[in-house]
Amino acid sequence: MTSLVAIHRSATIPRHKLALGQRLPTCSRGRGRCVHLVGLIGLILFAVPTATAADFDEARNAYYSGDYDRCVELTRAEVERGIWNDFWSRQLMQALMAQGRHEDACAVYEEVVVKFGKSIPLRMLAARAYRFSGDSETARRLLDEIPQLVDRAPWQYSDRENLLAIGRYLLERGVDAREVLETYYDRVLRSDGKYVAAHVAIAELALDKADYQEAVKSLDKALELRPEDPHVHYLLSRAWSASDRKKANAYLNAALDLNPVHADSLLLHARNLIDAEEYAAALAVVEEVFEINPDHSTGWALRAAIAHLQGNYREEGEYRARALSTWKTNAEVDYVIGTTLSKHYRFSEGVLYQRRALKLNSNFLPAKFQLAQDLLRVGQDEEGWSVVDEVSQTDKYNVVAYNLKTLQARLRNFTTLEAPGLIVRMDTREAAIYGPQVLGLLQAAHRQLTDKYEHELERPVTVEIFPQQSDFAIRTFGLPGGAGFLGVCFGSLITANSPASQGDQPSNWESVLWHEYCHVVTLQKTNNRMPRWLSEGISVYEELQRDPSWGQSLNPTYKDMLLGEDFVPLSQLSGAFLKPKSALHLQFAYFESMLAVRYLVERHGRPRLLRLLDDLGLGRTMEEAFAERYGDQAALDEDFQKFIRELASEFLPETEFDADVIPQRASPEELEQWLDDHPASYPGWQRLARLRIERRDWPAAEKAAQRLLELYPRDAAPGGALDMLAGIARGQEDLSAERQYLEQIVQASSDHLPALRRLLANCRKAQDWPGLAQAARRLLAVQPLLPDGHEGLALALRQQDRLADAAGSLRALQELEPMDPAGLHFSLAESLAASNKLEQARLEVLRALEYSPRYREAQRLLVDLYQRRNPTVSIPVNPPDRGRPPRIPRP
């Protein structure tokens, strides 16, 4: 196989070897020879039946449009005429195989092999046909003969079609993808930049290696050259699916418009429906595939995966057997089933299926790499990283494997913190700053949530917190991206972004970890068998139960969505996560799912919800368990909608939020006159308050903002009533009133960083030490990587005679580049001494003296520590001078 690469690296595409559509070679060696060539071509043209370009286009377009019978009719006629071009044989075989008629395709190959036995593209097609006809031995022989054929006469295989086919053969044999790309695919493009098949081959290779940017680049060119090919649109849908769902759907729809029975596109559509937990719709789409090809292995693999997800394990086995009925060692079947299950967080089952795939074909790299990722997600890190190493060595073009290898090197530098049942990995500096608080929060989450949901965890939970968002994305998804995700739970593994990765507006990391730990409990209780809406709904609900300022709350935008077309019935909530119209709609899916859980708890009780989770854990389908616990789904949908409408209608029923009716460019006086007729207009009062603030007319601004607060109490949004009132109080230098409004903001919104920092400064200035301690803790739950919160907490504790409790904040400050390291070491020494940790205190005071040897307070503390450790030893306060040499003054 490597000889094929070596042979073709130095060869060029010979000009006398004509491929379909190429021009005749020009004559450069004498007129007589050129006349002879023309005469020879004339004899060939008269001796062999020919087909026009229109004939080619008609057959190809029939194939593209899904009229496979017409394509078979046209191509079979040309094959039977004995036309001297293997295009017709290949197109005929492709049309037959699209319908699952693999034995007929084998018969075509046997009919034309004498004439086209040297065609590698035809041989590759035949090998696939023989495999799916149950004759793997013949398929193996056809492929094994390829190196000998090329070695005997390499110049015969240097046309573009053979080069691409050889490249595909080498990829199947495990040759390095970049070697194939450079030696075969790129070379073909250099000779003909408009050859669509080369662009498609490069794109398919890039997609297999998760290089989506390269895939899109090649496919855009292919689409420009051949817009009628549904396969190009299908590949573009795959390429965009990871980053732009809207574009991906548009390309998928375009593919199915061109060919409504395009199997690959239908199966991609079915996979999307499975991801949305719309199993009935997915099965209907798979049935459309079976109407064309009743034995489609991927279709039966998806049916097996759906059967597993629905708890129909006997049918799962039957469908898997059907998928393998035509090609018994087809590793892709188990790979597809396992990958589908892993997308639904069934990672343990995914591991089993990928191991099955590798038993059928130990060199099937997609299964090997999926196994590595699943192992890492179920906590089997040692084996998982070992398989990642193996794949990255074998497949150097695999983007995800490269990313994971790079991440593995960074993870080695992380610090590991442990507690019973918990393993936390963090950046070393961040672990020193707030690692103990992370452990404490997770331990509290474990105690409360396992007790509340009546489930004890069977294995330790690993939490990895990443200071760089790209590392979080690679660990979580394998690729950069996922900017909207703060944390992800895989069952016993949590990955999360640290505040360092979130810029100037970090989220409350405590609420994120509480949310994800709730997933740990509910996913393990149900053996990862719960629908996404229920899992997310419970986690958001439990955030609010822990702290009302966490999670999401009802606001005017959500009210309009609940009462309008954006409301999603309870039975369809999982789909809202897969197909959101915007980032706002995705957030709304979380909010509505929380309301669904609140509805189930308030209307039907928590015990019933717990029994539902037990049912799911025992393997019952959601439909069965839900029907038994809650009754008819349609009736439940109707009752839930009624619950939602009542809730939304009761939210600010008198307040008007229509901003379009406000007069534009009105003066404050004109706006006040308009508000006399529209006293409930929230946008009107908001604009008036802003205008008054701009003019620094504090009394008038306060009056307008107070009216705003009456219309929308607890409006903690930036620029809302409470935010305005806090700013107005600050403008009037009324610290007490400002503190009152800031308190209301942070009680309603846990991650309003500007309000938190302002409240901290306010409490410090007012010497409100209990308030300062509380404000500092709230700030540290959002941004522990700034000194403000740690300094405030340490000061508040000292002022409340709780010096011993300040050690954690003082240690954190040591990691934050302190302005006065000597003073900080001394303060920490005092704190440690207060808690009777004398040796640690001694070390800290010595460090303080290293920075400042004449630090008198540190010297006294050092003496005090010595005396406390050695109470029987007396140390003179002013020891006598024992002949110290005179000090020499500096010049």
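The values are calculated or read from the model by the stated rules, or taken from the named source; none is laboratory data. Note that the structure is a prediction, hence the values are computed from the model and not measured. Positions of Cβ are backbone-derived with ideal geometry, glycine not excepted, and every protein chain shown enters the neighbour counts. Surface accessibility is based on the protein's heavy atoms, side chains included, excluding ligands, DNA and RNA. Shrake-Rupley method; radii C 1.70, N 1.55, O 1.52, S 1.80 Å.
General remarks:
- Qualifying positions in the stretch 178-189 - closer than 18 Å to Leu143 by Cβ and at pLDDT below 90: none
- Selection within the stretch 750-790: residues that are surrounded by 23 or more Cβ atoms within 10 Å (Cβ to Cβ) and among the small types (Gly, Ala, Ser). The member of this set that is farthest from Gly720 (Cα to Cα) is Gly789.
- Within the stretch 388-439, the set of residues being among the basic types (Lys, Arg) and touching a helix residue (DSSP H, G or I) at 6+ places or on another chain (Cβ under 8 Å) comprises Lys396, Lys405, Arg410, Arg425.
- The stretch 117-132, subset under 14 Å from Asn162 (Cα atoms) and in a loop (DSSP other than H, G, I, E, B), residue modelled with the highest pLDDT: Ser119
- Hits in the stretch 728-742 - residues which are under 23 Å from Val782 (Cβ atoms) and surrounded by 20 or more Cβ atoms within 10 Å (Cβ to Cβ): Ala729, Glu738, Arg739, Tyr741, Leu742
- Residue in the stretch 377-393 that is β-branched (Val, Ile, Thr) and modelled with pLDDT of 90 or more present: yes
- Listed by first and then second residue, the pairs linking a residue in the stretch 403-414 that is closer than 10 Å to Asp471 by Cβ to a residue that is at pLDDT below 90, with Cβ atoms under 7 Å apart and 6 or more places separating them unless they lie on different chains, are Asn403/Ile474; Asn403/Gly478; Asn403/Leu479; Leu407/Asp471; Leu407/Ile474; Leu407/Arg475; Arg410/Asp471.
- Candidates Val568, Val520: the one that is in contact with a strand residue (DSSP E or B) (Cβ under 9 Å, 6 or more places away or on another chain) and either buried (at least 17 other Cβ atoms within 10 Å of the Cβ) or among the aromatic types (Phe, Trp, Tyr) (or both) is Val520.
- Filtered residue count, the stretch 66-116, keeping only those that are without any contact (Cβ under 8 Å) to a residue 60 or more places away in the chain, crowded, with 20+ Cβ neighbours inside 10 Å and not in a helix (DSSP H, G or I): 1
- Residue match in the stretch 348-370 (condition: without any contact (Cβ under 8 Å) to a residue 24 or more places away in the chain, of a type in the set (Phe, Trp, Tyr) and either surrounded by fewer than 22 Cβ atoms within 10 Å (Cβ to Cβ) or part of a helix (DSSP H, G or I) (or both)): yes
- Picking from residues in the stretch 176-219 that are outside any helix (DSSP H, G or I) and surrounded by fewer than 18 Cβ atoms within 10 Å (Cβ to Cβ), the one that is nearest to the chain's Cα centre (by Cα) is Asp176.
- Condition check for Arg620: over 30 Å from Trp685 (Cβ atoms), assigned to a loop (DSSP other than H, G, I, E, B) and either of a type in the set (Val, Ile, Thr) or open to solvent by 40 Å² or more (accessible area, probe 1.4 Å) (or both): yes
- Any pair with Cβ under 8 angstrom, 6 or more apart, that starts in the stretch 534-558 at a residue that is without any contact (Cβ under 8 Å) to a residue 24 or more places away in the chain and ends at one that is surrounded by 17 or more Cβ atoms within 10 Å (Cβ to Cβ): Ser535/His519; Ser535/Thr522; Ser535/Leu523
- Leu600 meets all of the listed conditions (1) closer than 27 Å to Gln545 by Cα; (2) open to solvent by 40 Å² or more (accessible area, probe 1.4 Å) but one, namely (2).
- Taken over the stretch 797-835, the residue count meeting the criterion of being open to solvent by 50 Å² or more (accessible area, probe 1.4 Å), over 15 Å from Ala773 (Cβ atoms) and either under 37 Å from the mean Cα position of the chain (by Cα) or without any contact (Cβ under 8 Å) to a residue 12 or more places away in the chain (or both) is 6.
- If you go through the stretch 626-675 and pick out every residue that is closer than 30 Å to Arg692 by Cα, aliphatic (A, V, I, L, M) and part of a helix (DSSP H, G or I), you end up with 2.
- Tallying residues that are surrounded by fewer than 21 Cβ atoms within 10 Å (Cβ to Cβ) and either small (Gly, Ala, Ser) or at negative phi (or both) within the stretch 688-706 yields 11.
- Of all residues in the stretch 131-142, those satisfying the criterion of being out of contact with any Phe, Trp or Tyr (no Cβ under 6 Å at 6 or more places or on another chain) and open to solvent by 20 Å² or more (accessible area, probe 1.4 Å) are Ser133, Gly134, Asp135, Ser136, Glu137, Arg140, Arg141.
- The lone exception for Glu172 - which of (1) open to solvent by 50 Å² or more (accessible area, probe 1.4 Å); (2) within 35 Å of the chain's Cα centre (by Cα); (3) farther than 30 Å from Ser325 by Cα it fails: (3)
- Residue pairs whose Cβ atoms lie under 7 Å apart, sitting 6 or more positions apart in sequence or on different chains, and linking a residue in the stretch 321-332 that is under 12 Å from Ser133 (Cβ atoms) to a partner that is of a type in the set (Gly, Ala, Ser) and open to solvent by less than 20 Å² (accessible area, probe 1.4 Å), are Thr326/Ser297; Trp327/Ser297.
- Whichever residue in the stretch 653-667 is within 11 Å of Trp685 (Cα to Cα) and free of Cβ contacts under 8 Å to residues at least 40 places away in the same chain and, among such residues, is least open to solvent (accessible area, probe 1.4 Å): Ile662
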